[in-house]
Amino acid sequence: MDRREILAERPVEKGRGFMPGVSVNPSRLLFTAGLTGRAPDGSLVAGGMAPQARRTFERLQSILGRAGAKFDDAVKQLVYVTDVEAYNASGRAERAKFFGSARTASTGLVVRRLADPAMLIEVELVVDLPGSAQAKPLLEKYNVEQHGGDFYQGVIVNGGRLLYLAGQVANNPDGSVAGTGDWRRQAEKVYENIGHVLRAAGSTPASVVKETTWVLSIDSWRQHGAPVRRALYDGDYPASTLVEIPGLARPEFLVEIEVIAAVA
């Protein structure tokens, strides 16, 4: 792997805990699901942001370890928080205990809600893995915990090409919105649009390695959208992150989904 850290010579970019850009020539990449501060029994750890952040990175450490990687190998980090002041006050310090001096390209977002209303933080990583892709399958999907969700915690891509889809919404070909106010219809249309792009690239839903879903209501998505999603993937799930946000590009949109797929 040829990894290059990109740092422009501007004062604002010096001294931060991340790199503005990381350039890689990938051979093997690990995509993690969005991980949160759940304890082994599935409950959220008590005590607020610091314990939740610590547990989140402990879980990510287990996923990296299963793939033979460490935090130094991470090239991209995406952090969702519901309370940015709490994260700045105590979450960053917990993160630093795991990353040390390692720096990744990083994005932080404040969201309205995560999968559980009591969750304060969710983190996903893209990781540069050591070793050769030769003689390995294109995709390796695995869990390190029995979490019971419709996703894999880690998905490894060994060689091949990566297809990055733009966020897909419930647009018809003429630009109108399908299923205004109808969660199930919008889910069907979004996944239909995703399927069109995947097929055009010679890929399938089974080749999706990472899915990020932004919704206006997690409860409504679970009731109406999740069954459509399960039918699409038919058990061959990607690493996934689900967050609730206050709005999308048009007020009629209820959901937007972005995926990354592997193409042999």
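The values are calculated or read from the model by the stated rules, or taken from the named source; none is laboratory data. Predicted model only: the values in this text are computed from it and were never measured. Note that we place each Cβ from the backbone using ideal geometry, even for glycine, and neighbour counts take in every protein chain shown. Just the protein is used for accessible areas: all its heavy atoms, side chains included, with ligands, DNA and RNA removed. Shrake-Rupley method; radii C 1.70, N 1.55, O 1.52, S 1.80 Å.
A few points about this structure:
- Enumeration of residues in the range 193-229 that are open to solvent by 30 Å² or more (accessible area, probe 1.4 Å) and closer than 21 Å to T32 by Cβ: P205, A206, W214
- Of the criteria (1) touching a Phe, Trp or Tyr at 6+ places or on another chain (Cβ under 9 Å); (2) farther than 28 Å from A261 by Cβ; (3) open to solvent by less than 50 Å² (accessible area, probe 1.4 Å); (4) not charged (D, E, K, R), which one T82 fails: (1)
- Looking only at the range 234-264, and only at residues there that are surrounded by 15 or more Cβ atoms within 10 Å (Cβ to Cβ) and of a type in the set (G, A, S), the one that is nearest to Y152 (Cα to Cα): A239
- Restricted to the range 29-49, and to residues there that are over 15 Å from the mean Cα position of the chain (by Cα) and either open to solvent by less than 20 Å² (accessible area, probe 1.4 Å) or at pLDDT below 95 (or both), the residue that is nearest to I260 (Cα to Cα) is G37.
- Each residue in the range 139-192 was checked for being over 18 Å from the mean Cα position of the chain (by Cα) and open to solvent by 50 Å² or more (accessible area, probe 1.4 Å), and 13 of them qualify.
- With respect to (1) assigned to a loop (DSSP other than H, G, I, E, B); (2) closer than 15 Å to G149 by Cα; (3) in contact with a helix residue (DSSP H, G or I) (Cβ under 8 Å, 6 or more places away or on another chain), the lone exception for F253 is condition (2).
- Within the range 85-115, being crowded, with 17+ Cβ neighbours inside 10 Å and acidic (D, E) holds for one residue alone: E94.
- Taking each residue of the range 230-247 that is at positive phi and in a strand (DSSP E or B) and looking for partners that are of a type in the set (K, R) and modelled with pLDDT of 95 or more with beta-carbon atoms closer than 6 Å, six or more apart or interchain, yields nothing.
- Leading residue by the ranking (farthest from R95 (Cα to Cα)) among those in the range 50-75 that are open to solvent by 30 Å² or more (accessible area, probe 1.4 Å) and either part of a loop (DSSP other than H, G, I, E, B) or of a type in the set (A, V, I, L, M) (or both): G68
- A118 meets the conditions (1) assigned to a strand (DSSP E or B); (2) modelled with pLDDT of 95 or more; (3) not basic (K, R) in every case but one. The failed one is (1).
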